[in-house]
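Beneath this line is the structure, given in structure tokens, with notes to follow.
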Amino acid sequence: MNLNELPADLRGKVNRYKPIAVNGFLLHPIRVRNYLSFLQARPAIEYMQQRMKFPLISMPLLSAYYKLDFDLMTQGQAITGLLSKTMLFLALALRLSPDEETPNIAELFGIKAERGRPDSLEALCCTIDGEAREITPADFEAMRPVLAAQNGLTIQPKDANPELVDCEAEIAQINAANLDADPDHMIAAVAALTGTDEDEIGDWAILKLNRRAESFKRMLDYMICGFAESSGMVKFTKGNPFPNPYFPRKKEGTTALSALNSFGGGAVERAVGNPNAKTT
């Protein structure tokens, strides 16, 4: 699921960082002031249900989160926390506690189980503008793609292979520089480049901040690579890797797919379904 899969009217609202109504709930883009809470909660939106076992894999995702943690808790095991992360994400998007950087979900939400079935979720209960509301698993299914788009997150398609996704993430981690990824550094950089005060940026949507930062990086990369090539310092076999200061290059497949036959001596490729892969 990505932004382009949403209807045109919703894409327009996402691109202008406007709230979107879903099933009677007004969802806001999460603000920069809540960035750390957003990072804590985002796994609830991005989680691949394909990782779950039957029957959880066939349930609505919110029901599966509840059932999974309920079963772990009754068995005396550590819970995943995916349900609480979901509530945190919803609290931020619904602005249930707009003045708090980290909303207290224990005060904002109640859990309503189905009658006679304590292991089955009926709804999350909360109060919005003084009105008692219930968010059902069906509501969350409708909300999730909008929440992802509003905040620059990706929901993998239902037929995506978790092993490939993990491989892609591992390769990206290997290739990444050892950076201190504190959001305050990015906020300070964008503040300097735009002449905007950090307090004002705190009220921006996180998606807006990330897009501004990406735009500045693309422009700088375009100029640096263009200068290096034109001066003869370097020659790019496929041309400037940043061919345009305004438009990003289209992605061609995935790093994981292109690297499977060489990553891990062929073991990864065999693990995801190619038993004939050669071991190096």
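The values are calculated or read from the model by the stated rules, or taken from the named source; none is laboratory data. As the structure is a computational prediction, the values presented were derived from the model and not from experiment. Neighbour counts run over all protein chains shown; Cβ positions are idealised from the backbone, glycine included.
Listed values, structure above:
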read-out	value
Within the range 17-59, tally of residues that are farther than 19 Å from MET143 by Cβ and over 14 Å from the mean Cα position of the chain (by Cα)	11
Residues (outside any helix (DSSP H, G or I) and under 19 Å from PRO19 (Cα atoms)) located in the range 210-233	none
Selection from the range 1-57 of residues that are surrounded by 13 or more Cβ atoms within 10 Å (Cβ to Cβ), without any contact (Cβ under 8 Å) to a residue 60 or more places away in the chain and not in a helix (DSSP H, G or I)	LYS18, PRO19, TYR47, MET52
Residue match in the range 67-85 (condition: more than 23 Å from PRO157 (Cα to Cα) and touching a Pro at 6+ places or on another chain (Cβ under 6 Å))	no
Filter result (of a type in the set (Lys, Arg), out of contact with any helix residue (DSSP H, G or I) (no Cβ under 8 Å at 6 or more places or on another chain) and under 29 Å from PRO7 (Cβ atoms)) within the range 112-159	ARG133
Top-ranked residue of the range 131-144 - restricted to ones that are of a type in the set (Asp, Glu) and not in a helix (DSSP H, G or I), ranked as farthest from GLU214 (Cα to Cα)	GLU131
Among the residues listed as LEU164, LEU147, LEU193, LEU207, the single one being surrounded by fewer than 17 Cβ atoms within 10 Å (Cβ to Cβ) and either outside the structural domain of LEU10 (by TED's automatic domain parsing) or not in a loop (DSSP other than H, G, I, E, B) (or both)	LEU193
Unmet requirement for LYS112, which otherwise passes all of (1) in a helix (DSSP H, G or I); (2) assigned by TED's automatic domain parsing to the domain that holds MET87; (3) out of contact with any Ser or Thr (no Cβ under 8 Å at 6 or more places or on another chain)	(1)
